[in-house]
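Okay, structure first, notes after.
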Amino acid sequence: MSDLFELRPAVPADAPRIALWMSQPHVLRWWHQSWSVERWAQEIERQAAGDHSVPCVATADAEEIGYVELYRVRHDRLAEYYPYDENDWGVHVAIGDVTRVGRGLGRRLLRAVADAVLADEPACQRVVAEPDIENTPSVRAFLAAGFDRHGELQLPEKTALLMVRTRTVEE
Ligand SMILES: CC(C)(COP(=O)(O)OP(=O)(O)OC[C@H]1O[C@@H](n2cnc3c(N)ncnc32)[C@H](O)[C@@H]1OP(=O)(O)O)[C@@H](O)C(=O)NCCC(=O)NCCS
């Protein structure tokens, strides 16, 4: 199955949709960011104004399917938990519609996102993620997308699995 995935930077006008996605139980359980539309609009503006992260809306075949947050590990708390490289990027993901999860869409999206980050950022050698070790669908989707397990991290609110997609020789 092929999809044409695109990521575009989120804008405050996306806040209603993102807030709806974040309120879905399958997302809320892992993200804990079921915020109001107003708070999401502020959050998007806050991130857009800084260097830490880039909030994005993901589309598959032109349909908006979820929220992706790309972040520079060197500006993130994750930098305290593993020997990061200056150019590592991290990814957080949420597919908003529960009827679309568990069908292989996430792994294809994550593969496309990692490929795009590595293509856009020549100095970046690794794209990383830190799913909760109990979030089996997420861990399996990252594995299927070409990320490898790099050990457990004890974060303040969860035990996470550090997952790493490393640039290949061909890339
Ligand atoms: C994480 C997420 C992006 C993955 O996308 P997806 O489309 O569900 O992923 P895929 O269908 O590609 O893969 C899911 C895998 O988990 C498995 N899975 C799904 N539900 C499961 C469950 N309850 N128990 C065990 N395995 C499960 C599927 O079988 C599949 O693995 P397999 O094909 O190797 O057997 C999506 O589920 C999501 O947005 N979840 C809510 C938010 C979230 O958890 N974000 C991640 C935070 S790090």
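Below is a table of values for the structure above.
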item	result
Number of the condition not met by TRP31 [criteria: (1) within 24 Å of THR166 (Cβ to Cβ); (2) at pLDDT 95 or above; (3) in contact with a strand residue (DSSP E or B) (Cβ under 9 Å, 6 or more places away or on another chain); (4) open to solvent by 20 Å² or more (accessible area, probe 1.4 Å)]	(1)
Every residue from region 66-90 that is open to solvent by less than 30 Å² (accessible area, probe 1.4 Å) and either under 13 Å from the mean Cα position of the chain (by Cα) or polar (S, T, N, Q) (or both)	GLY66, TYR67, VAL68, GLU69, LEU70, TYR71, VAL73, TRP89, GLY90
Criterion: within 17 Å of the chain's Cα centre (by Cα), under 24 Å from ASP132 (Cβ atoms) and assigned to a helix (DSSP H, G or I) - qualifying residue of GLN47, GLN33	GLN47
Selection count where residues are away from the ligand (no atom under 14 Å from the Cβ), open to solvent by less than 40 Å² (accessible area, probe 1.4 Å) and in a strand (DSSP E or B), scope region 117-163	1
Residues satisfying the stated conditions in region 130-144, i.e. touching a Ser or Thr at 6+ places or on another chain (Cβ under 9 Å) and either closer than 18 Å to GLY102 by Cβ or at pLDDT below 95 (or both)	PRO131, ASP132, GLU134
Residue under evaluation GLY102, criteria (1) more than 28 Å from PRO16 (Cα to Cα); (2) surrounded by fewer than 16 Cβ atoms within 10 Å (Cβ to Cβ); (3) of a type in the set (Gly, Ala, Ser), criterion not met	(1)
From the options ALA58, ALA114, residue that is more than 9 Å from the ligand (Cβ to nearest atom), open to solvent by less than 20 Å² (accessible area, probe 1.4 Å), assigned to a helix (DSSP H, G or I) and in contact with a strand residue (DSSP E or B) (Cβ under 6 Å, 6 or more places away or on another chain)	ALA114
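The values are calculated or read from the model by the stated rules, or taken from the named source; none is laboratory data. The structure displayed is predicted, hence computed values, not measured ones. Reconstructed Cβ throughout: ideal geometry from the backbone, glycine too, with neighbour counts over all protein chains shown. For accessibility, only protein heavy atoms count, side chains too; no ligands or nucleic acids. Shrake-Rupley method; radii C 1.70, N 1.55, O 1.52, S 1.80 Å.
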